[in-house]
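Novice: Structure in structure tokens, see below.
The values are calculated or read from the model by the stated rules, or taken from the named source; none is laboratory data. Small disclaimer: the values here were computed from a predicted structure and weren't measured. Counting neighbours? That spans all protein chains shown, and the Cβs are built from the backbone with ideal geometry, glycine included. Calculation scope for accessible area: heavy atoms of the full protein, side chains included, ligands and nucleic acids excluded. Shrake-Rupley method; radii C 1.70, N 1.55, O 1.52, S 1.80 Å.
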Amino acid sequence: MIRSDARRFYALRKVRPVAGKSNGPVDRHVEREEHHPMNYVTQADRMLIGGELVHASNGAFDLSIDPATEEVIGRVPRATVEDVDRAIRAADAAWPEWFALTPLARSRAMRDFGKALRARSEEILKVEVADTGNTITPMRGDVGFAVDSLDYYAGLAHELKGQTIPSTHENLHITLREPYGVVVRIAPFNHPLMFAVARTAAALAAGNAIVVKAPETSPLSAMILSQIARDALPPGIFNVVTGDGRTVGNALVQHPLVKRIAFIGSPQTGRAIQRAAAEVGVKHVSLELGGKNPFIAFPDVDPERIAEAAVRGMNFAWQGQSCGSTSRLLVHADIYDAVLERVVEKVRAIRLGDPQSPETGMGPVNSRVQLEKVLSFFESAKTDGARLMTGGKRPDGPMFERGYWVEPTVYADVEPGMRLWQEEVFGPILSVGKWRSFEEAVEKANSTEYGLTAAVWTNDINDALRMVRKIRAGHTWINGSSAHFIGVPFGGMKSSGIEREEGIEEMLGYTETKTINIMLPKG
Ligand code: NAD
């Protein structure tokens, strides 16, 4: 997490910044080690612009903080608008050559990039866990998912096909798919490296060059990613910038050379990006936003299975900070008490502690802002009359005095009029509500502005399919929760987003269609 406070860093280290002067590119093999205290989890502190590892043009840094201890664990450049401009110009200069490669050649480079990431996966894992607060066991999957996504899109590159259209018999009418050129990817804090790689792979396969904006509060893995991408990909094809959303994010969105923006984050920021983009040009903005996802339990399923799946679906291992968390558990009245009792038992058993330990079930939330947001939900739940079953406060004990800790929490009897029902917490709070008829379950499930995921649990396939068809959500599971599958589209309806990622349409979404009408001579 960033403390936007370069001065404090220099005071701590008793060194002075070089005002207004870029530290510039460094030798490809020699990193300068000075200024880095021993407790930094990574010494890497440079962005990637045009194939060079650089500091910000004015030498400013942001500090990143371990959410478990509030200690400074690294630093990243605070990019300037000038840095953003250089990154975009580098991408714009690089993409035509990348696009001119055969799909096979692009695929090979992407696979090499994946191998290089895998080779440093243990190092990335440690840094990512320290920087996000997410627990280590499930985070092991993040680099793997990123590399699998590179492999998947590398293998799809030959599917960037156009069409022949039989509009007239005597001529030829064909379409080509061409890349936008520069694609900007803005990433959220919960899985920073995974999103920076998995969610740029499709655009790379389609022949675009990328500028990634890392999140403010977990930016450190982006510094390692910069090193890996510099060595694995041609200069300018993959650029990484760090800094705050209002300056760096906005400069990316409003840059005249950027037409394609891909965003993962909150609905508020998504709308701000749409507005900012529309102010300056005609741009293609895809949005993967928040969720308040229902988990609908029918009475024919064993309450133990429901409870187990509902707790898993909450993703407590990364503090519920997941867009797809099934944070509204809607249980049929006949099994309500039985499910609730088991859910509470399982949530009480979640062990809070050091996120780097494989024994830990839940770490701290990601930042002070997140902590305050979660605490505010505890307050409103009390006012609204939700029944607190477990949690609802900060944990006791010396280990939790510093850091952004809250207890995993369950509220029962949550109803559509309550804030907890309507708003995404993006934190470790599970809300449980009751339904009696099929229609009531549908109405309650659909009664928020969100429409990202939904889980339906029943042994009756007819009930399951009827329910799934009625629910306004982009990604659903029958007798499942939480999992993503490579190649299966993911994305939201309603205020949860626009377009789908993770399948072939994501790759096609990074192309524009060009039509060629070949007018043949008559006769
Ligand atoms: P956020 O919207 O606060 O920030 C996301 C990114 O946007 C950050 O990199 C931030 O710096 C940048 N940003 C902020 N203001 C900007 C601006 N004006 N212009 C351009 N960029 C700007 O979100 P967050 O708190 O990092 O992440 C949590 C949200 O992300 C939740 O709502 C969650 O549901 C959502 N999310 C969605 C998915 C999905 O696939 N649908 C996945 C993960 C997270």
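Novice: Could you please tell me which pairs satisfy a Cβ distance under 9 Å, a separation of 6+ or placement on different chains, a first residue in the stretch 242-253 that is open to solvent by 20 Å² or more (accessible area, probe 1.4 Å), and a second residue that is within 6 Å of the ligand (Cβ to nearest atom) and of a type in the set (S, T, Y)?
Specialist: Qualifying pairs under 9 Å: G245/T269.
Novice: Under 7 Å between Cβ atoms, at least 6 apart or on separate chains: pull out the pairs that start in the stretch 496-518 with a residue that is free of Cβ contacts under 8 Å to residues at least 24 places away in the same chain and end on any residue that is in a loop (DSSP other than H, G, I, E, B).
Specialist: Listed pairs, sorted by first residue: G503/G487; G503/V488; G503/P489; E505/P489.
Novice: OK, next. Which of the residues that make up the stretch 344-374 are within 16 Å of the ligand (Cβ to nearest atom) and open to solvent by 30 Å² or more (accessible area, probe 1.4 Å)? Write out each step before concluding.
Specialist: Restricting attention to the stretch 344-374, the residues satisfying the condition of being within 16 Å of the ligand (Cβ to nearest atom) are 364-374.
The answer is R368, V369, E372, K373.
Novice: Residues that are among the acidic types (D, E), at least 1 per element: which strands (runs of 3 or more DSSP E) completely within the stretch 152-248 meet that? So that I can check it myself, show each step before the final result.
Specialist: On the way: elements: 172-179, 182-186, 209-213, 238-241.
Qualifying strands (runs of 3 or more DSSP E): 172-179.
Novice: Further, regarding this structure: On the basis of being farther than 18 Å from D244 by Cβ and open to solvent by less than 50 Å² (accessible area, probe 1.4 Å), does T69 make the cut?
Specialist: Working: farther than 18 Å from D244 by Cβ: yes; open to solvent by less than 50 Å² (accessible area, probe 1.4 Å): yes.
Yes, satisfied.
Residue by residue, here is whether (1) within 16 Å of the ligand (Cβ to nearest atom); (2) surrounded by fewer than 24 Cβ atoms within 10 Å (Cβ to Cβ); (3) at pLDDT 95 or above holds:
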position: R260; (1), (2), (3): yes, yes, yes
position: G265; (1), (2), (3): yes, yes, yes
position: V311; (1), (2), (3): no, no, yes
position: M314; (1), (2), (3): yes, no, yes
position: Q319; (1), (2), (3): yes, no, yes
position: T326; (1), (2), (3): yes, no, yes
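Novice: Here's something else I'd like to know. Of the conditions (1) under 27 Å from W477 (Cβ atoms); (2) out of contact with any Lys or Arg (no Cβ under 8 Å at 6 or more places or on another chain), Q274 fails just one. Which one is it?
Specialist: Failed condition: (1).
Novice: Sticking with this structure for a sec: Do you know which residues across the stretch 235-253 are more than 14 Å from the ligand (Cβ to nearest atom) and out of contact with any helix residue (DSSP H, G or I) (no Cβ under 6 Å at 6 or more places or on another chain)?
Specialist: First, the residues of the stretch 235-253 that are more than 14 Å from the ligand (Cβ to nearest atom): 235-239.
The answer is P235, and nothing else.
Novice: Given the residues A90, A79, A105, A56, which is the only one that is among the small types (G, A, S) and within 23 Å of the chain's Cα centre (by Cα)?
Specialist: A79
Table: residues versus (1) within 13 Å of the ligand (Cβ to nearest atom); (2) open to solvent by 10 Å² or more (accessible area, probe 1.4 Å); (3) within 18 Å of the chain's Cα centre (by Cα).
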{"position": "N462", "(1), (2), (3)": "no, yes, no"}
{"position": "L465", "(1), (2), (3)": "no, yes, no"}
{"position": "W477", "(1), (2), (3)": "no, yes, no"}
{"position": "G487", "(1), (2), (3)": "no, yes, yes"}
{"position": "K494", "(1), (2), (3)": "yes, yes, no"}
{"position": "L520", "(1), (2), (3)": "no, yes, no"}
{"position": "G523", "(1), (2), (3)": "no, yes, no"}
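Novice: How about the stretch 164-187: which of its residues are under 18 Å from I224 (Cβ atoms) and either out of contact with any Phe, Trp or Tyr (no Cβ under 7 Å at 6 or more places or on another chain) or open to solvent by 20 Å² or more (accessible area, probe 1.4 Å) (or both)? Steps first, please.
Specialist: The initial filter retains those residues of the stretch 164-187 that are under 18 Å from I224 (Cβ atoms), namely 185, 187.
The answer is R185, and nothing else.
Novice: Give the residues of the stretch 97-112 that are of a type in the set (A, V, I, L, M, F, W, C) and touching a Phe, Trp or Tyr at 6+ places or on another chain (Cβ under 8 Å), sorted by residue number. Let's see the steps before the verdict.
Specialist: Just the residues of the stretch 97-112 that are of a type in the set (A, V, I, L, M, F, W, C), to begin with: 98-101, 104-105, 109-110.
Answer for the stretch 97-112, where residues must be of a type in the set (A, V, I, L, M, F, W, C) and touching a Phe, Trp or Tyr at 6+ places or on another chain (Cβ under 8 Å): just M110.
Novice: Just checking, which of E341, E423 is surrounded by fewer than 16 Cβ atoms within 10 Å (Cβ to Cβ) and of a type outside the set (S, T, N, Q)? Lay out the reasoning, then the answer.
Specialist: On the way: E423 fails: surrounded by fewer than 16 Cβ atoms within 10 Å (Cβ to Cβ).
Checking each option against the conditions leaves just E341.
Novice: From the list A209, A232, A205, A201, pick out the single residue that is within 26 Å of G155 (Cα to Cα), more than 10 Å from the ligand (Cβ to nearest atom) and surrounded by fewer than 23 Cβ atoms within 10 Å (Cβ to Cβ). I'd like the intermediate steps shown before the answer.
Specialist: On the way: A209 fails: surrounded by fewer than 23 Cβ atoms within 10 Å (Cβ to Cβ); A205 fails: surrounded by fewer than 23 Cβ atoms within 10 Å (Cβ to Cβ); A201 fails: surrounded by fewer than 23 Cβ atoms within 10 Å (Cβ to Cβ).
The conditions single out A232.
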